[in-house]
Amino acid sequence: MTPAELLRAWRARHGLSRPEFARRLGAPLRTVENWESDKSIHRDPPLYLLRLALCELERRMYEEGREES
């Protein structure tokens, strides 16, 4: 799975728009757009770092959901 595919699948699974995903990740929207469209082939984050960031983001979202309950 490429970084672009991983990001699109993760966003879809969590129902996040690109702007919301970028905000939660703390990355510029343009960066997320480039990653998802494969425009930044030579600047893609290493896949293991991307997976780690997505796991951390998922943990934060889970904690936010628990606090709202």
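Name the residues in the stretch 17-37 that are open to solvent by 50 Å² or more (accessible area, probe 1.4 Å), within 18 Å of E5 (Cβ to Cβ) and under 9 Å from the mean Cα position of the chain (by Cα), would you?
R18
Taking the stretch 1-16 as the search range and keeping residues that are over 15 Å from R60 (Cα atoms) and open to solvent by less than 50 Å² (accessible area, probe 1.4 Å), which one is modelled with the lowest pLDDT?
Ranking the qualifying residues of the stretch 1-16, first place goes to P3.
The values are calculated or read from the model by the stated rules, or taken from the named source; none is laboratory data. Being a predicted model, the structure only gives us computed values, none of them experimental. Neighbour counts are summed over all protein chains in view; Cβ atoms, including those assigned to glycine, are modelled from backbone coordinates with ideal geometry. Protein only, heavy atoms only, side chains kept; ligands, DNA and RNA dropped before computing areas. Shrake-Rupley method; radii C 1.70, N 1.55, O 1.52, S 1.80 Å.
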